[in-house]
Every structure is written in structure tokens, then in C-alpha cells.
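What follows draws every value from the coordinates through simple rules; no lab data is involved. Since the model is a prediction, treat every value here as computed from it, not as a measurement. Using ideal geometry, Cβ is built from the backbone for each residue, glycine included, and neighbour counts are taken over all protein chains shown.
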């Protein structure tokens with residue numbers, strides 16, 4: 001069974017600092033990995049999707065890397081802003097199934 | 001682009017009462033549809049997923065059921081709610097031309 005872990009559970013940084021969020025998974029036979037953002041009381045917003053054949057994806061200030069062999073992904077957010085405060089979740093999809101396995105998330109607070 | 005509607009947005013129900021949550025999608029055809037539950041302090045739990053009309057796969061719940069009467073409609077039901085059914089219910093879609101999962105705004109259910 002796929003286990004997805006996100007460490008740390010919470011993170012507080014001053015505005016302008018770069019954020020590094022970690023996601024690890026136990027089974028490397030994945031189809032893709034997604035990073036989501038969730039604001040309090042809201043649904044999830046997809047940030048980046050990395051296919052298993054890719055090493056990284058970028059969108060604006062966001063960059064996500066994938067090291068499938070070691071079971072790790074990292075989400076980098078450059079020059080953080082207070083608006084980046086949210087919970088960030090990663091999710092892994094296996095090769096032979098529709099079901100995503102989610103981590104518990106990292107709650108980020110960016111202090112102005 | 002795809003849009004996901006969920007209603008109601010919030011619901012307070014007594015233990016033992018019935019439940020019906022509705023999810024409808026726009027801007028896509030023949031998507032995969034998912035119901036997730038997010039309980040306080042816990043990660044997302046996949047409850048049901050559907051790859052087509054009338055096709056439902058159940059992951060966990062004993063007293064919940066799902067139906068997909070139309071291509072773009074997904075309904076979550078219960079005949080008798082339990083206290084443990086409280087949580088944030090999220091509907092999501094995927095495909096047919098993308099692997100990204102898109103989430104609706106969610107329904108906050110409190111069972112008293």
C-alpha cells in the first residue's frame with residue numbers, strides 16, 4: 001500500500017524567503033505526482049502535475065521536482081508572499097489505478 | 001474549462017437522518033468522478049470513484065453510497081448518518097483529456 005508523507009506538518013517563514021516543501025512516497029511505481037494547494041474551508045487547487053517520466057515542472061514562482069527512484073518530490077516556492085499561506089498537499093497516482101494517495105499536507109504561514 | 005458545483009455548501013444533520021450531497025460538473029464529458037472526505041486533522045480519504053454512468057467503485061464506507069445517474073452528476077447518499085460521518089466532502093473530476101484532478105468547493109457536514 002502506498003504511503004505518502006509530508007514533512008514538516010507546519011512551516012512559518014518571513015515574507016521573501018524561499019519555501020521548500022517535501023513529499024516522500026513508499027512505492028516508486030507511480031504514474032504521476034500532483035501538488036495541490038488548499039485554503040481554509042475551501043477545495044483543493046491543482047498547482048503542478050509531474051508525470052513519472054519527468055524530473056520537474058515549473059509554473060511561475062513554483063517548481064516541483066520528482067526523484068522516483070528515491071521516492072521523493074520537492075515543491076519550491078520562490079520569494080514567498082503572505083498570499084502563499086495555505087496548506088500544500090502532494091498526491092501520488094499508481095500506474096494501474098485511478099486512485100490518488102494523499103499526504104497529510106504542510107501548512108505554510110508567510111509572515112508579512 | 002471545467003467547473004464543479006457542489007451543494008449544499010454546509011449542512012447540519014442529526015444522527016440517524018438521511019443524506020444526499022450532489023456534485024455536478026460542466027465543461028467536460030465522460031470524466032472520472034470522485035468523492036473524498038476530509039475529517040478534522042486527517043488527510044483526504046477516497047470514498048467512491050466512477051468511470052462512467054452507473055459505474056461506482058467503493059473504497060471504504062459502510063453506511064454511505066454513491067450514484068451516477070448522468071454523465072456529469074455524482075451523488076453521495078446515506079440512509080442513516082453516524083457521528084463519524086462529519087467532515088468536509090469534496091467532489092473531484094479527472095479527464096478525459098487530462099490527468100489532473102480538479103476539485104469542487106466542498107460541502108461541510110456536521111452530524112450532531
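Overview of values
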item	result
Residues B:7, A:35, sorted so that the one with the fewest Cβ neighbours within 10 Å comes first	B:7, A:35
Exercise: per-residue mean of other protein chain Cβ atoms within 10 Å, B:38-45	4
For B:53, A:77, A:30, order by how many other beta-carbon atoms lie within 10 Å, fewest first	B:53, A:30, A:77
Cα centroid separation - the range B:37-112 against the range A:29-77, whole Å	23 Å
Distance (nanometres) between label positions extended 7 Å along Cα→Cβ at residue B:1 and residue A:7	3.6 nm
Two-site FRET efficiency, residue A:45 against residue B:57, from Cβ-Cβ distance with R₀ of 22 Å, rounded to 0.05	0.30
Paramagnetic label zone (point 7 Å from Cα along Cα-to-C-beta, residue B:11; backbone N under 14 Å) in the range B:97-112	B:106-112
Residues B:79, A:68, A:99, sorted so that the one with the fewest Cβ neighbours within 10 Å comes first	B:79, A:99, A:68
Convex hull volume per residue in cubic angstrom - Cα atoms of the range B:6-110	92 Å³
D_trans [Stokes-Einstein, Kirkwood Rh over alpha-carbon pairs] for the range A:18-62, 4 °C, 1.567 mPa s, µm² s⁻¹	105 µm²/s
Cα gyration tensor shape of chain A, rounded if a/c is under 1.5, else prolate or oblate by comparing a/b with b/c	prolate
